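FYI, it's all coordinate maths here, none of it is from the lab. Worth saying up front: this structure is predicted, and the values here are computed from it rather than measured. Cβ coordinates were reconstructed from backbone atoms using ideal geometry, including for glycine residues, and neighbour counts include every protein chain displayed.
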Amino acid sequence: MSTLIEKAAQRLDQLRQAGVAMPEPAVAQPPVVAGVQAPRVEQVPASEPSPVSRRIEFDLDRLHSMGFVTPAAPRSLAADEFRVIKRPLLDNASGKSAAPVANGNLIMVTSAMPGEGKSFTAVNLAMSMAMELDYRVLLVDADVAKPSLMKTLGLPPSPGLLDLLLDKRTDMADVMLRTNVEKLTLLPSGTPHPRATELLASDAMTSLVEEMGRRYPDRVIIFDSPPLLLTTESRVLATHMGQIVMVVQAEKTLQSQVRHALTTIEACPVKMMVLNQARGGDQAAYGYGYGYGYGQESSTKKKRDKKEVAAS
């Protein structure tokens, strides 16, 4: 018997050496026990790993020296002021306010004109909110015509919002940046594009904002948007927001500009006005002061808010 097996094996080797294709051996079938075939075990291919966002490091000492709120910095007047400003925003975002706010976790920070401190306010709000125990924050640089967040934060340019709008194959996790502030994630404005402002007003942006609101219901998403009176893109973005923070620079922003800017965001249910660089008392040492108030639906409250800003 052994001789026959050896001869068969030698013959197979000869055929293989001659280039003759040999059939693959049959896969053994599971045994049949009492007329019932045992289940067949098959190998399942490993699934593709989920994309992981890139991690970047803020120079927190540098940001603190520039007046920004940072997690490990000593308690300061600015940090206390942003604690006051963020609380009603967070209550609206989490449904803890007296009246529910649709899309309350979508917050746009803007201003009537450039140079009033909206990006400074957006970063500080994001930092302050990220220190909360129960919230995560995504900070989006939506000022695509003149992005400034990455430079302000001391970071190099990076793919981001515009890349998502231009290429549907780009996943959000590919362009979001995890940071060394544990609960803060950053979405840059992205690769510069000659039609950046048109992209911000496109249907793709509308779909993206809606997706972000659904995809991250446990996150507060802060958009640093363009000024309201220079472009129409911020007005389009405002229609998707649950809350808007409008920064007004003391002794600079005209009352007429504030009035005009407020008319462009009337559809948003909650509007907060932050008075920036209001000097007086101890605030003069910091150069920044903040006042806040909500714009309600009643015309009486709106008129009162406008008078208060003008008086400031």
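Projecting the Cα atoms of 135, 161, 120 onto the dipole axis of the stretch 115-170, where Lys and Arg carry +1 and Asp and Glu carry -1 at the beta carbon, places 161 farthest toward the positive end.
Placing a pseudo-label 7 Å from each Cα along the Cα-to-Cβ vector at residue 73 and residue 168 gives an inter-label distance of 4.3 nm.
Summarising the strand pairing of the stretch 54-311, around 10 percent of its internal DSSP beta bridges are antiparallel.
Charging the Cβ of each Asp and Glu at -1 and of each Lys and Arg at +1, and nothing else, the dipole of the stretch 54-311 about its Cα centre rounds to 520 debye.
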